[in-house]
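Working notes for the structure below.
The values are calculated or read from the model by the stated rules, or taken from the named source; none is laboratory data. Note that this is a predicted model, so its numbers are computed, not measured. All Cβ positions, glycine included, derive from the backbone under ideal geometry; neighbour counts span all protein chains shown. Just so you know, the surface numbers come from the protein's heavy atoms only, side chains and all, with ligands and any DNA or RNA stripped out. Shrake-Rupley method; radii C 1.70, N 1.55, O 1.52, S 1.80 Å.
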Amino acid sequence: MTASLPPIDARRVFEILDDLQRFTEGAGRTQRLALSKEDALARAYFNDWMLASGLNVETDPVGNQFGFRAGTEELACVGFGSHLDTVKDAGEFDGTLGMAVGMYFVEWLNGYGLTTSHPLCLINFTNEEGVRFVPSIMGSAYMAEQITLEAALNAKALEEDVTVKDELTRRNLSGPFDSTQLNLHCFLELHIEQGPVLEREEKDIGIVEGVQGMYWTEYIFEGRAQHTGTTPLNMRKNAGQAATHFVHEAYQLSLRYDQHLLSNGVFEVAPNAPNIIPSRARIILDSRNPSAQALTEVQEKVDHLAQEIAKSYHVNVSAEAVERYAPVSFHPDVISAVSTAVSDAGLHGQRMFSGAGHDAGLIGMKHPAGMIFIPSRDGISHNPKEYSSPDQIQNGLEVYIRALTQLANVLRH
């Protein structure tokens, strides 16, 4: 049935992207941090669009937005969507493209008078990026019951004295809908790859089989502030030096494990002065692997390493889990629908695992889920240079709509 679909045109997707690009912190850039004023404006635009498109609109306690389109039968919903929040100085497509193609799908159905057997549910998830509030992927984690409502609402901003609950209340962004009880037949998300594999292999589409696990751990080293010019080396309690040594050794340790990715994106010292030995150092390690066993083993060894290095520098160290997301394998039926759609569209696909975390990965912990990737130029993402071409987006849209029509059972009259 997918071979006889009405025309699919990505030009409307670009119009939606342009509309959403208006909601940014500072002209000439893309920055829409979770639950910020800009995010609230984008959410209002999306809410108005859902109402104008004939969707029934709901919002849950963490601010996830839902637009429901009725099916012809009383069946579980087919979900799709992504997120509107961005990182700092972001690119134009991460998350936002997934929302734009979801919106287009609804308009495409409406425009051609198409119905579906399954009800549909378009979702904008709260705080996927995790740059303002941690943990990341928060809205989908709450919906999939991987974090509690209390934990989500009490999450504090990294650089502000404000919580998720504070911002939801101040901007009136939460609602009573119980998304943890939503009956989902499946969920599908389209996303840019954010990596170089598809471009390097000259493939049109990534058929995503799962998402690797991700652990974020905060380590705080505490020593003693002293004068750098008068304190002998053997009498120092240098928290900054201990933390630096730890980051290096943790990285070296991680290299022993196949496919392991370990990074340090947060490193703060206090008092942060050139002539004072740091009394405190705070770091957050990002550890990822598609193997749950390897992820756990690395974590245990890195925690032990932190204690050993702290002892050698005569400082104290504490460790706190910020995020713990296990690897996820996507559902065979959703993967099959995407694979069939790639063939029907006459494109070349590649099966792959996602290196980045995504809302679909969290939803996949509870419901059947899957993803479609399109190439990213030079593998760049979380950067203003992030780019996927109009042809690549058209290809992704063709596969996305074909897969959704199969999963939702689109009916023609």
Any idea which residue in region 355-377 is farthest from D9 (Cα to Cα), counting only those that are among the charged types (D, E, K, R) and open to solvent by 40 Å² or more (accessible area, probe 1.4 Å)?
-> K366
Pick out the one residue from L5, L17 that is aliphatic (A, V, I, L, M), at pLDDT below 95, open to solvent by less than 50 Å² (accessible area, probe 1.4 Å) and farther than 23 Å from G361 by Cα.
-> L5
Number of positions in region 105-144 that are aromatic (F, W, Y) and within 14 Å of the chain's Cα centre (by Cα) | 3
If you go through L120, L114, L97, the only one that is in contact (Cβ under 8 Å) with a residue 24 or more places away in the chain and under 30 Å from N383 (Cα atoms) is L97
Among the residues of region 49-56, is there at least one that is among the polar types (S, T, N, Q) and touching a strand residue (DSSP E or B) at 6+ places or on another chain (Cβ under 9 Å)?
-> yes
From the list G195, G265, pick out the single residue that is at pLDDT below 95, part of a loop (DSSP other than H, G, I, E, B) and of a type outside the set (D, E, K, R).
-> G195
Considering only region 13-65, state which residues are in a helix (DSSP H, G or I), among the aliphatic types (A, V, I, L, M) and farther than 21 Å from A141 by Cα.
-> V13, I16, L17, L20, L41, A42, A44, M50, L51, A52
Could you say whether any residue in region 180-197 is more than 28 Å from T340 (Cβ to Cβ) and surrounded by fewer than 22 Cβ atoms within 10 Å (Cβ to Cβ)?
-> yes
Any chance T169 is touching a strand residue (DSSP E or B) at 6+ places or on another chain (Cβ under 7 Å), without any contact (Cβ under 8 Å) to a residue 60 or more places away in the chain and surrounded by fewer than 20 Cβ atoms within 10 Å (Cβ to Cβ) | no
Within region 50-103, restricting attention to residues that are of a type in the set (F, W, Y) and within 21 Å of the chain's Cα centre (by Cα), which residue is farthest from A152 (Cα to Cα)?
-> F93
Among I220, I283, I309, which is open to solvent by less than 20 Å² (accessible area, probe 1.4 Å) and either in a strand (DSSP E or B) or at pLDDT below 95 (or both)?
-> I283
Among the residues of region 322-337, which ones are surrounded by fewer than 16 Cβ atoms within 10 Å (Cβ to Cβ) and within 13 Å of Q146 (Cα to Cα)?
-> A326
What are the residue pairs meeting all of these: first residue in region 310-337, first residue closer than 20 Å to Q293 by Cβ, second residue among the aromatic types (F, W, Y) and open to solvent by 10 Å² or more (accessible area, probe 1.4 Å), Cβ atoms under 7 Å, and 6 or more apart or on different chains?
-> E323/Y215; E323/W216; R324/Y215
What number of residues in region 76-91 are in contact with a Pro (Cβ under 7 Å, 6 or more places away or on another chain) and either open to solvent by 20 Å² or more (accessible area, probe 1.4 Å) or assigned to a helix (DSSP H, G or I) (or both)?
-> 1
Residue check for Y142: open to solvent by 10 Å² or more (accessible area, probe 1.4 Å), out of contact with any Gly (no Cβ under 7 Å at 6 or more places or on another chain), over 26 Å from Q181 (Cα atoms) and not aliphatic (A, V, I, L, M) = no
Here the residues within region 131-162 that are in contact (Cβ under 8 Å) with a residue 60 or more places away in the chain and acidic (D, E) are E145
Across region 288-306, what is the total count of residues that are part of a helix (DSSP H, G or I), open to solvent by less than 60 Å² (accessible area, probe 1.4 Å) and in contact (Cβ under 8 Å) with a residue 24 or more places away in the chain?
-> 9
How about region 378-413: which of its residues are in contact with a helix residue (DSSP H, G or I) (Cβ under 6 Å, 6 or more places away or on another chain), open to solvent by 10 Å² or more (accessible area, probe 1.4 Å) and of a type in the set (S, T, Y)?
-> Y387
For region 115-131, what are the residues that are surrounded by fewer than 24 Cβ atoms within 10 Å (Cβ to Cβ) and either among the charged types (D, E, K, R) or farther than 17 Å from G67 by Cα (or both)?
-> E129, G130, V131
Go through region 312-364 and count every residue that is in a strand (DSSP E or B), touching a helix residue (DSSP H, G or I) at 6+ places or on another chain (Cβ under 6 Å) and among the small types (G, A, S).
-> 2
Given (1) farther than 30 Å from V315 by Cα; (2) without any contact (Cβ under 8 Å) to a residue 24 or more places away in the chain; (3) of a type outside the set (G, A, S), number of the condition Q212 does not satisfy = (2)
Just checking, how many residues over region 144-192 are part of a helix (DSSP H, G or I) and charged (D, E, K, R)?
-> 5
